[in-house]
Amino acid sequence: MDGPPEDGTGATAVADRRSARDARDADFAAYLAARQPSLLRTAYLLTGNRHDAEDLVQSAFAKLYLSWDKVRDHGSIDGYVRRILVNEHNSLWRRAWKRREHTADDAVLSSLDKPHHDTYDDGLGDAVWDVVQTLPRKARAVVVLRYYEEMSEAETAAVLGISVGTVKSQASRALATLRERASQNLNPRASEEDDR
Amino acid sequence: MTEHDDDLTTQLTRSLTDRSDVMSGTSFGLAEVKGRARSLRRRRMATAVVGAAAAVAVIIPTVALASHTGGSNNEPAPITQTPSPTQAATDDGHQPSPGVLDVSDLPTGEAPSIEYVTAGKVLHQVDGSTVDIPTRQPVSSFAVLSNGTHVWQTADDQGHAWIEVEDAAGHLQAPLPSSFGLSVTRSHDAAAWVQPNGQVMVMSVGATEPLAYGDPVPAGDDLRMGPFLGDDCGGPADSCEVYVNVSQRAAPQPWVVSVNGTEPARDGGYLFLADATESGLSVGYTKLTDSGSCSRLLGGGEFQGFQTCQHTLTSLSPDGRLILADPAYHDGIGNGVIAMYDLEGNRLFDRHSTEDAQSFYPGAEWEDDTHVLAPVFQAGQWSIVRVASDSSMEYAVPPVAGEDVANPFVLSVGGLVLGD
């Protein structure tokens, strides 16, 4: 072979690092592909619109990427990324900035977000969603984690960094609000009884 | 749980699942995530390697802002010599590299010289003694008045804030509703907060109970206390000003409340007024974007003032000579950057967390003219760290185990009480 002999040690080290980085990225990409759809759905329920949901999830994944080695070793990736998601969403500054970014186009975009309803739904989903959207931000997070993610009270408390008692009281309060404000739709039997 | 509740939660789960289905598939790939991560890393780390070197912030002429309220001739002179270092450490430990916010192994210094609360219920007094706090809910913030009165702000299970005033004899008054945030005058002769309906309330040393102050500010999406200026507030010579930052949809605006009325505080073009002094200095942010913010100091006289988009200018030292700063972009769980400026825009230091340290702090309070105290989380532990204007750090309270989302420490607002 012509030319200087290759410095085997240095070249190997570089190749090893590159290989390790590629393996790490492949690992992360697999997790990203597997978990992104479900996190986007959770983020949508937290934010109430598609744009903010995508932004929130991308931000959460970026932070996860920066801590990937540590978090992966601890085996608690799902909990970690969910906690980032909720904390990001609850951040005061982020809320202030996001409010400033919203434009009149949001109304158009949100109209595209309406899900298809089966005929038997009779507007029930919209009624519940309207109520959920008016809940205070942290109460809404409790509702999403408890009744969408179907986490236990203890799991919800751990993700939100609040006490189990607070989870209980906020969930109870949210249910009471739902019951009060959407009672006709949520309890068809009540309507039937009223009609008699 | 009743059968009715079962129906309700089943319906709720079904409705949320149905609604979430509008988000299907994926929206971005690894390349976008890595790009966002690079951007985050740049923000966190960019100046870490040069953090200890003083840098001059962008000086902007503020002549156009000369209408700033309160300009006077008695503003402090610029600092001409190195501020005093921290006190001697009492054990081993070492300073992290310049520019790095790593509090894993600091020397231990003296206990805080301002009061602080642990676990929301125990007051640590300046003499080292502890007292149980009689409030109904855990303390989230508090101010100490010069006559020994404590103004406790607490948070209930519903996430609402309350004020409970305890006089020096230990008599506790009934809770009053409040928004989060508390402000105290520099002489600690009065503290102020704002009720959710926008009404500012003041507890002063000359009063037996809190009094409504001025007309209400608009009740926005979010009300945050700004500075509280003046002396003898509530008294016959009242010339005090209470600033409240009102965030309404797409329109953040500070308001000023005084006995003369309540009006938008437009001088300086602040979106959020963070701090001010009677001598005419003020800091706050003037621009917000998705990737950061710009903050400004208004000098009012000798100082031109300056603007920086590298940090958020958060508060002025008790003597009004230094400015504490944290990240220009506030995200997630807390601040990974702490910095200090002088009034001419010279950056005295700039410490950043690292990927290894993963340290952060929720906020900091001035302990004296050249030191701040900050509860800092790192590696499963919380400590109160004293940071000096020469950038040296030490534990004021050594690390204790804790959760990252459960800061056990609450520092009194407004720094040292005169006469302590």
**Study point:** Qualifying residue in region B:76-83 (condition: surrounded by fewer than 19 Cβ atoms within 10 Å (Cβ to Cβ), at pLDDT 85 or above and more than 19 Å from residue B:191 (Cα to Cα))
**Key:** no
Exercise for review: With respect to residue B:113, determine if the residue is on the phi < 0 side of the Ramachandran plot, modelled with pLDDT under 95, under 19 Å from the mean Cα position of the chain (by Cα) and surrounded by 15 or more Cβ atoms within 10 Å (Cβ to Cβ).
Suggested key: yes
Review point. In this structure, does residue B:343 turn out to be more than 14 Å from chain A (Cβ to nearest Cβ), more than 25 Å from residue B:102 (Cβ to Cβ) and modelled with pLDDT under 95?
Key: yes
Check your understanding: Somewhere in region B:110-130, is a residue more than 14 Å from every other protein chain (Cβ to nearest Cβ), farther than 23 Å from residue B:383 by Cα and not basic (Lys, Arg)?
Key -> no
Review point. Among strands (runs of 3 or more DSSP E) lying entirely in region B:247-294, which contain 3 or more residues that are under 20 Å from residue B:342 (Cα atoms) and among the aliphatic types (A, V, I, L, M)?
Key: B:272-276
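Okay, residues lined up against (1) under 18 Å from the mean Cα position of the chain (by Cα); (2) among the aromatic types (Phe, Trp, Tyr):
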{"residue": "B:359", "(1), (2)": "yes, no"}
{"residue": "B:366", "(1), (2)": "yes, yes"}
{"residue": "B:372", "(1), (2)": "yes, no"}
{"residue": "B:375", "(1), (2)": "yes, no"}
{"residue": "B:403", "(1), (2)": "no, no"}
{"residue": "B:407", "(1), (2)": "yes, no"}
Check your understanding: Among strands (runs of 3 or more DSSP E) lying entirely in region B:307-420, which contain 1 or more residues that are in contact (Cβ under 8 Å) with a residue 60 or more places away in the chain and hydroxyl-bearing (Ser, Thr, Tyr)?
Key -> B:337-342, B:381-388, B:393-401
Practice item. Output yes when any residue across region A:134-152 is farther than 19 Å from residue B:14 by Cα and in a loop (DSSP other than H, G, I, E, B), and no when none is. Key: yes
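Of the residues B:299, B:305, B:320, which single one is more than 14 Å from every other protein chain (Cβ to nearest Cβ) and either among the basic types (Lys, Arg) or buried (at least 23 other Cβ atoms within 10 Å of the Cβ) (or both)?
Working: B:299 fails: either among the basic types (Lys, Arg) or buried (at least 23 other Cβ atoms within 10 Å of the Cβ) (or both); B:320 fails: either among the basic types (Lys, Arg) or buried (at least 23 other Cβ atoms within 10 Å of the Cβ) (or both).
Exactly one of B:299, B:305, B:320 is more than 14 Å from every other protein chain (Cβ to nearest Cβ) and either among the basic types (Lys, Arg) or buried (at least 23 other Cβ atoms within 10 Å of the Cβ) (or both), namely B:305.
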Review point. Looking at region A:14-98, what helices (runs of 4 or more DSSP H) fall wholly within it and have at least 3 residues that are out of contact with any Pro (no Cβ under 9 Å at 6 or more places or on another chain) and at pLDDT 85 or above?
Key: A:50-66, A:77-90
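Return the only residue of B:129, B:140 being on the phi < 0 side of the Ramachandran plot and in contact (Cβ under 8 Å) with a residue 40 or more places away in the chain. Steps first, answer last, please.
Values: B:129 fails: in contact (Cβ under 8 Å) with a residue 40 or more places away in the chain.
Result of the check over B:129, B:140: B:140.
Taking the conditions exactly as written (of a type in the set (Lys, Arg) and surrounded by fewer than 22 Cβ atoms within 10 Å (Cβ to Cβ)), does residue B:347 satisfy them or not? Spell out the reasoning first.
Details: of a type in the set (Lys, Arg): yes; surrounded by fewer than 22 Cβ atoms within 10 Å (Cβ to Cβ): no.
Judged against the criteria, residue B:347 is not a match.
Sort out which residues of region B:16-38 are in a helix (DSSP H, G or I), modelled with pLDDT under 80 and within 14 Å of residue A:60 (Cβ to Cβ), and write them in order of number.
Initial filter on region B:16-38 (in a helix (DSSP H, G or I)): B:16-20, B:30-38.
Among the residues that remain, those that are also modelled with pLDDT under 80 are: B:35-38.
Residues satisfying the conditions are B:36, B:37.
Take region A:19-62 and flag every residue that is of a type in the set (A, V, I, L, M) and facing chain B (nearest Cβ under 8 Å). Show your work before the answer.
Taking region A:19-62 and keeping what is of a type in the set (A, V, I, L, M), we get A:20, A:23, A:26, A:29-30, A:32-34, A:39-40, A:43, A:45-46, A:53, A:56-57, A:60, A:62.
Residues satisfying the conditions are A:29, A:32, A:33, A:40, A:43, A:45, A:53, A:57, A:62.
The values are calculated or read from the model by the stated rules, or taken from the named source; none is laboratory data. Model, not experiment: these values are computed from the prediction. Glycine also receives a Cβ, built like all others from the backbone with ideal geometry; neighbour counts cover every protein chain displayed.
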